[in-house]
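For reference, the structure discussed in these notes is given below.
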Amino acid sequence: MPEITKPQESFSQTSHPKGLYILFATEMWERFNYYGMRSILILFMTRALLFDKVFASNMYGSYISLIYLTPLLGGFIADRYWGNRRSIIAGGLVMAIGEAVLFGCGSIYSSNPDFAKLLFFSGLGLMITGNGFFKPNISSLVGQLYPKADTRKDAAYTIFYMGINTGGMLGPLICGLVGERDGHPEDFKWAFLVGGIGMIISVIVQLVFQHKYVVDPNNKQLGTIPANTPKTLLSPILAVFGFAVLASVFIGLLYGDTKINFLFYLLTACIVLVPAVIFLDKTLTKIEKDKVIVIFVICFFVIFFWGAFEQAGASLTFFAAEQTNRLTPWLKVPVWAVATMSALALWYITNLYKKAAKNLASAFDKELRLTVFGLLGVFAAAIIALNVYVFATGQKVIGKDEIPASWFQSLNSAFVVLFAAFFAWFWQKLGKREPSSITKTAIGLFMLGMGFLWIGKGVDNVLPGVKVSMIWLTGMYALHTIGELCLSPIGMSLVNKLSPLKYSSLLMAIWFTANAFGNKLAGVLSAVYPPGAAEVSEASKHGIDLAAILASKVAPAPEVAEQLKKLEIPYEYKTFLGYHINNLYDFFMLFVFMGVIAAIVLFVFSKKLRLMMHDTPTANPSAP
């Protein structure tokens, strides 16, 4: 049989290497898994496992905090010993196993609640471990597909970024559709199963196609195992043992944090001690120390941003589920429109089939060609089956009477897809007037505050149990996305530019630690979410008018207060650092104050901070 060699790809300015689309698909399905699972996580904790909101919020914060910390370890092991490809596949498999464990938890939570909770912690521990090996190793491969001076890199990162957000948009929609199907807690397990299937697809894409297509301009495979790696470290038995140990550690950290909340203090210690170590180094020049100060200032303000932004998976999900009117009687599509859209979709699939046949015609591309044909065939068959079902059952319209609460978590990714191209154009259009990275961070914080001000206006003078229009939540996510597009892309780029060489890795670790700290803070802040519709409904089942108690119209009698305590229904509002939270308006205004004050302070000191950067270039970082 003649040897099949890869045809040399043309590095023109109008096309991208096929490897980019392999990485796109790998990352898209992983993000589908992560965001789909996250969209129902806190609902699963409160409705199925019956955790109270305070416990569930703190658990959520601990989970996403560790999600941001583990890439430090996974990236180190990949660089030194395993290579990107092995780390991606291993991490993806561990996450798929984690989803399977969570599926098991969702299957037995009512019959064996104690064992289900053990499975729950185990599943999260596996997800954290796998993420640490998967997440840092994908994006690092994108730039290596191109020659150093290739002008297509920015466009490549934009395409890759679209993959992230396509997965982030589809995950909550599909997992929410199957997980909140009828409002029954037992349905949540299907969301974990669908997320796990997405993760397996991601691993298969990487396993089958990475070695053929993810190559540098000289057709050399990327992400291979470093040449000096000892063979003992590549042993599958050692890998399984290592993952088991790491997962056990993270399971212990999660469980321990629910008892002591030590993770918050551990992250605080890191933020305090690392600067001390760096500034005690007498070999650093004043200019280097000035740049390090700028890094720490940005990290400090980023904590406030993510502490508020990541309410999406916690308190804002409570709000979507309990106090947002999600009824959609207007969401009805007539069958003739379904048939028309289906015909257009089939026409588009046919065109894609023709393009794939032309662009993947070589013998080298046979596996990829057949895979694309198979996927297009599955999509076409699904469209045809949907139409046959609709017409066979005699339906006049299709739609949903109420949308799942988890669907709102797809809005951020959807808005990123809509707004990202505009912002890339806008920053370039400004030219020399483009704001500095410091100012963009301040704008991001300000827009975050405006988002919470918008939703705060929507709930002002609204009693617990009264639902408001979904326009308030939708508008808030749009404003938050604008803030994210101003702040999020600049972080790692700025740290790389400002870090002294000897401390570059340590300062990048501090950047991730700041993100982890913000995520942990998100859980802590969500824990002060005021009692609302769910608590009012539960109390009414026992003959207690909790709405009147919360509105301070009546004081609970001692026996009523005792009954509420036994039922674990909160009937008193909380405080945070002396700030009294008496209703949802007060709760959302906490984030307004946090975002706007942080933005003002950062803007006031922006000129001083720019001077401390000592002319370090901060070019437009619109590409992630």
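The figures follow:
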{"item": "Cα-based reach from Lys565 at 20 Å (exclusive), listing aspartates and glutamates while leaving out same-chain residues under 8 positions away", "result": "Asp52, Glu535, Glu538, Asp545"}
{"item": "Sites Ala557 and His614, calculated FRET efficiency, Cβ-Cβ separation with R0 60 Å, nearest 0.05", "result": "0.35"}
{"item": "Extreme residue, positive dipole direction of the range 427-523, given options Leu453, Met476, Thr441 (C-beta unit charges)", "result": "Thr441"}
{"item": "Cross-link pairs beyond the 23 Å C-alpha cut-off, checked among Lys286/Lys497; Lys148/Lys366; Lys117/Lys566", "result": "Lys148/Lys366"}
{"item": "Heavy-atom accessible area ranking, 1.4 Å probe, most first, across Glu568, Glu322", "result": "Glu568, Glu322"}
{"item": "Cβ charges +1 (Lys, Arg) and -1 (Asp, Glu), total dipole of the chain, debye", "result": "1800 debye"}
{"item": "The range 423-433 - phi-based ³J(HN,Hα) in whole Hz, Karplus 6.51/-1.76/1.60, Gly and Pro as x", "result": "5, 4, 5, 5, 4, 5, 5, 5, x, 5, 8"}
{"item": "Spin-label model distance (nm) - Asn325 vs Met341, 7 Å beyond Cα toward Cβ", "result": "2.4 nm"}
{"item": "Rounded accessible area per residue of the range 363-510, 1.4 Å, Å²", "result": "48 Å²"}
{"item": "Two-site FRET efficiency, Ser235 against Ala276, from Cβ-Cβ distance with R₀ of 45 Å, rounded to 0.05", "result": "0.70"}
{"item": "Extended-chain gain in nm, criterion 0.36 nm per residue less alpha-carbon gap, Glu402 and Ser139", "result": "91.0 nm"}
{"item": "Inter-label distance for Val388 and Lys457, nm, one decimal - labels placed 7 Å from Cα along Cα-to-Cβ", "result": "5.1 nm"}
{"item": "Under 5 Å, built H, 5+ apart or other chain: amide partners of Phe51", "result": "Thr46"}
{"item": "Which of Gly130, Phe76, Tyr146, positive extreme of dipole for the range 76-151 (C-beta unit charges)", "result": "Tyr146"}
{"item": "Span from the the range 303-353 Cα centroid across to the the range 398-431 one, whole angstrom", "result": "11 Å"}
{"item": "Extension gain from Thr283 to Thr268, taking 0.36 nm per residue of separation minus the Cα-Cα distance", "result": "2.8 nm"}
{"item": "Derived scalar couplings ³J(HN,Hα) [the range 174-182; Karplus, 6.51 cos²θ - 1.76 cosθ + 1.60; whole Hz; x for Gly, Pro]", "result": "7, 5, x, 4, 8, x, 10, 4, 10"}
{"item": "Spin-label model distance (nm) - Gln395 vs Leu118, 7 Å beyond Cα toward Cβ", "result": "4.3 nm"}
{"item": "Accessible area of Leu430 in the full protein assembly, 1.4 Å probe (Å², nearest 10)", "result": "40 Å²"}
{"item": "Long-range HN-HN contacts of Asn325 with modeled amide H, under 5 Å", "result": "Val468, Ser469, Met470"}
{"item": "Leu430/Asp545 FRET efficiency (R0 56 Å; Cβ-Cβ; nearest 0.05)", "result": "0.50"}
{"item": "Cα centroid of the range 62-91 to Cα centroid of the range 113-169, whole Å", "result": "10 Å"}
{"item": "Leading residue at positive end of dipole, the chain (Cβ point charges), from Leu238, Pro17, Thr393", "result": "Pro17"}
{"item": "Reference-scaled alpha-carbon Rg (2.2 N^0.38 Å with N residues) for the range 25-165", "result": "1.20"}
{"item": "Accessible surface of the chain, 1.4 Å probe, proportion on carbon and sulfur as whole %", "result": "67 percent"}
{"item": "Normalised contact order of the chain, rounded percent, pairs of Cα under 8 Å and 6 or more residues apart", "result": "22 percent"}
{"item": "Phi to ³J(HN,Hα) by Karplus 6.51 cos²θ - 1.76 cosθ + 1.60 over the range 382-389, Hz, x for Gly, Pro", "result": "5, 5, 5, 4, 4, 5, 4, 5"}
{"item": "Sum of side-chain charges, Trp427 neighbourhood, beta-carbon under 11 Å (Lys, Arg +1; Asp, Glu -1)", "result": "+2"}
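The values are calculated or read from the model by the stated rules, or taken from the named source; none is laboratory data. Because the structure is predicted, anything quoted here is derived from the model rather than measured. Don't worry about glycine lacking a Cβ; one is built from the backbone with ideal geometry, like all the others, and counts go over all protein chains shown. The protein model used for the area step is the full one, side chains on, heavy atoms only, and it has no ligands, DNA or RNA in it. Shrake-Rupley method; radii C 1.70, N 1.55, O 1.52, S 1.80 Å.
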